[in-house]
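One structure is given here, and the rest of the page talks about it.
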Amino acid sequence: MLKVVNKLHLGNTYCVSVEGDVLFLKNGLKLIDEKKNVFQIKTVAMSHYKNVENYKKYAELVLYGDVEKIGHSLFLYE
């Protein structure tokens, strides 16, 4: 499970900050929230760069999908 920490509106897309076990994330992976909205990862980036160990816990995601309606948690979509 990934906790949605924040979202930043960038033009016509959103960057979503997540917290959790982020090592499995990769471009093209599909995620689902508790509202049953499905998202596909367009880009994964590291955040909290001042402490390198945080790369295992935090990430920034650019997602395909209706991010304006994203829930509080994301799960792997199977």
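The values are calculated or read from the model by the stated rules, or taken from the named source; none is laboratory data. On a predicted model such as this, the values are computed, not experimentally measured, just so you know. All Cβ positions, glycine included, derive from the backbone under ideal geometry; neighbour counts span all protein chains shown. Accessible surface is based on the protein model in full, side chains and every heavy atom, while ligands, DNA and RNA are left aside. Shrake-Rupley method; radii C 1.70, N 1.55, O 1.52, S 1.80 Å.
So the values come out like this:
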item: The chain, relative contact order [Cα under 8 Å, separation at least 6], %; result: 38
item: K7 long-range amide H proximity, modeled H, under 5 Å; result: S17
item: Largest to smallest accessible area among T13, T43 [probe 1.4 Å]; result: T43, T13
item: Nonlocal amide H pairs with Y77, under 5 Å, H built at 1.01 Å; result: K30, L31, I32
item: Geometric extent, Cα atoms of the chain - Rg, Dmax (angstrom); result: 11.5, 34
item: Hits among lysines - C-alpha to C-alpha of K69 under 18 Å, sequence gap 8 or more where chains match; result: K3, K7, K30, K35, K36, K42
item: Label-to-label distance, nm, for residues given as T13 and E34 (7 Å Cα→Cβ offset); result: 2.8
item: Ranking by accessible area, most exposed first, for Y55, Y14 with a 1.4 Å probe; result: Y55, Y14
